[in-house]
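First comes the structure, then the notes that go with it.
The values are calculated or read from the model by the stated rules, or taken from the named source; none is laboratory data. These numbers come from a predicted model, not from an experiment. Heads up, the Cβs are rebuilt from the backbone with ideal geometry, glycines too, and the neighbour counts pull from every protein chain shown.
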Amino acid sequence: MIPYQKMTKEELLKEQAVLQSAYKEFQGRGLKLDMSRGKPAPNQLDLSMGMLDVLTSQDVLACEDGLDARNYGLLDGIPEAKELYAEILEVSPDEVIIGGNSSLNMMYDTIVRAMQFGFVDSPRPWKDEKTVKCLCPVPGYDRHFAISELFGIEMINVPMTPAGPDMDLVEKLAAEDESIKFIWCVPMYSNPQGITYSDETVARFASMKTAAPDFKIIWDNAYCVHHLTDTPDRLMNLMDACKKQGTEDRVFIFASMSKISFPGAGIAAMAATKHNLDFVKQQMSIQTIGFDKIKQLRHVKYFKNIDGVKAHMQKHREILEPKFNAVLKKLDEEIKPLEIAEWHAPNGGYFISLDTMDGCAKRVVGLCKEAGAVMTGAGATYPYGKDPQDRNIRIAPTYPSVSELDQAMELFCLCVRLASVEKLLSEMN
Ligand code: PMP
């Protein structure tokens, strides 16, 4: 295989003809494949079925402190769930609030509260600021960006590097512009690249100067226990790093059980300093009397502790690792020698993200769709749905079976090749 950039026009035209006929053949197969969203596969959900049988009528009467889990009370969660999440997030139990089923919901509420009331250290509610801006490491998670967009918060792209966001740029922007109030981060096995922030990146987040006195780091640790290889990444503890610098009030950590137990029926958690949480709880107590404690108890009874969670995640890994390997193998075989795209082989998380040559991502996703494979929309990984270089594509390998993935990836690689050839030919004309 010759790298496409080294091919002559004649060679590219020949390659295009071969690819086009292979593509036509795919179109005739009537495929119906979906690699668009990071959903667990049904056999991953089966792993948690025991949770539905684990709770007896006696258990709900006796939480750790003797409280009746059936009744009102405990706005911030049952103590045993706070202890479990404290272990997972490496904070202390009084720095945890257990929420409902969705961490996205907790992040949304956090931004709404900031707009309406500000944080404990805000000079005024964010809605009363002339402009509110946030930093968005890109590519990133589309639903984070959608929250910012909904509230008219101006988003500033910060390119990701293999060690996390470009911290020179983060430090410069946060220090010089007081309207920059927060940054969206998925620090471990990031969505979509699967990158884990380096120790240096975490330390710089803790020590950086910010012009806004109420600057916040939204640390969405959605994939903190979602390892897929024998060489898992390690994420430095942001809360500890910030405490050393006296900046701990800038930290808001989020996580959920959505991809541990059941998406939509897991438990979500938020961690921050007691100073922050006391302020949040005042407002939360107007919104709800408390979340579902029976579900919290069910999760704790089933997992018991962090070791139980880790053992459970090992079973997820057994299902997911072959799927990630199937995707990476196809990319290595079909794309790597042609030097037309780049990607990172992640040690965990839910996605693989591929950068095509500039200007090819929309075309690749369109070609895939016309032949029966739905990918995440090109541009979705960028604020406002605009990938300035039109090159990033998110691959979600978790839901399809390995044999479906093999077919989908065969088609995907073909589409990447076809779009690249078209692009190179158009540049020659
Ligand atoms: N954060 C990230 C980075 C995610 O990828 C997802 C799910 N795709 C979520 C949050 C949503 O989590 P939840 O189900 O807890 O709302």
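Quick notes on this structure:
Let's see how each residue does on (1) under 24 Å from VAL186 (Cα atoms); (2) in contact with a Pro (Cβ under 8 Å, 6 or more places away or on another chain); (3) surrounded by fewer than 22 Cβ atoms within 10 Å (Cβ to Cβ); (4) not hydrophobic (A, V, I, L, M, F, W, C):
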{"position": "MET284", "(1), (2), (3), (4)": "no, no, yes, no"}
{"position": "PHE324", "(1), (2), (3), (4)": "yes, yes, no, no"}
{"position": "GLU339", "(1), (2), (3), (4)": "no, yes, yes, yes"}
{"position": "LYS369", "(1), (2), (3), (4)": "no, no, yes, yes"}
{"position": "VAL374", "(1), (2), (3), (4)": "no, no, yes, no"}
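- For PRO263, the conditions (1) surrounded by 14 or more Cβ atoms within 10 Å (Cβ to Cβ); (2) modelled with pLDDT of 95 or more; (3) in contact with a helix residue (DSSP H, G or I) (Cβ under 8 Å, 6 or more places away or on another chain) are fulfilled apart from (3).
- When PHE303, PHE279 are screened for being at pLDDT 95 or above and touching a His at 6+ places or on another chain (Cβ under 7 Å), only PHE303 passes.
Here is a yes/no grid of residues against (1) more than 27 Å from VAL225 (Cβ to Cβ); (2) in a strand (DSSP E or B); (3) more than 16 Å from the ligand (Cβ to nearest atom):
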| site | (1), (2), (3) |
| --- | --- |
| PRO322 | no, no, yes |
| TYR350 | no, no, no |
| SER353 | no, yes, no |
| LEU367 | yes, no, yes |
| ALA380 | no, no, no |
| GLN389 | yes, no, yes |
| GLN407 | yes, no, yes |
| LEU411 | yes, no, yes |
| VAL416 | yes, no, yes |
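- PRO383 of a type outside the set (Phe, Trp, Tyr) and either under 16 Å from LYS39 (Cα atoms) or in contact with a helix residue (DSSP H, G or I) (Cβ under 8 Å, 6 or more places away or on another chain) (or both): yes
- Scanning the stretch 168-189 for residues that are buried (at least 21 other Cβ atoms within 10 Å of the Cβ) and not small (Gly, Ala, Ser) returns VAL170, ILE180, LYS181, PHE182, ILE183, TRP184, CYS185, VAL186, PRO187, MET188, TYR189.
- Only one entry in GLU154, GLU178 is at pLDDT 95 or above, touching a Cys at 6+ places or on another chain (Cβ under 8 Å) and acidic (Asp, Glu), namely GLU154.
- 2 or more residues within 16 Å of the ligand (Cβ to nearest atom): qualifying helices (runs of 4 or more DSSP H) within the stretch 64-181: 79-89, 103-117, 142-150
- Identity of the residue in the stretch 1-35, among the β-branched types (Val, Ile, Thr) and not in a helix (DSSP H, G or I), that ends up farthest from the chain's Cα centre (by Cα): THR8
- Residue match in the stretch 179-189 (condition: more than 24 Å from GLU321 (Cβ to Cβ) and without any contact (Cβ under 8 Å) to a residue 12 or more places away in the chain): no
- Summed over the stretch 341-358, the residues that are touching a Lys or Arg at 6+ places or on another chain (Cβ under 7 Å) and surrounded by fewer than 20 Cβ atoms within 10 Å (Cβ to Cβ) give a count of 2.
- Some residue of the stretch 36-54 being more than 16 Å from the ligand (Cβ to nearest atom), at pLDDT below 90, exposed (fewer than 13 other Cβ atoms within 10 Å of the Cβ) and part of a loop (DSSP other than H, G, I, E, B): no
- Checking PRO125 against (1) in contact with a Phe, Trp or Tyr (Cβ under 8 Å, 6 or more places away or on another chain); (2) closer than 28 Å to MET257 by Cβ, the condition it does not meet: (2)
- The condition of being closer than 24 Å to ASP390 by Cβ, buried (at least 16 other Cβ atoms within 10 Å of the Cβ) and in contact (Cβ under 8 Å) with a residue 40 or more places away in the chain holds for only one of PRO139, PRO165, that being PRO139.
- At least 1 residues being hydrophobic (A, V, I, L, M, F, W, C) and either more than 16 Å from the ligand (Cβ to nearest atom) or more than 21 Å from the chain's Cα centre (by Cα) (or both) is the threshold, and among the strands (runs of 3 or more DSSP E) wholly inside the stretch 197-314 those reaching it are 251-256.
- Just one residue in the set ILE289, ILE319 is out of contact with any Cys (no Cβ under 8 Å at 6 or more places or on another chain), aliphatic (A, V, I, L, M), under 30 Å from GLY50 (Cα atoms) and loosely packed, with under 15 Cβ neighbours inside 10 Å; that residue is ILE289.
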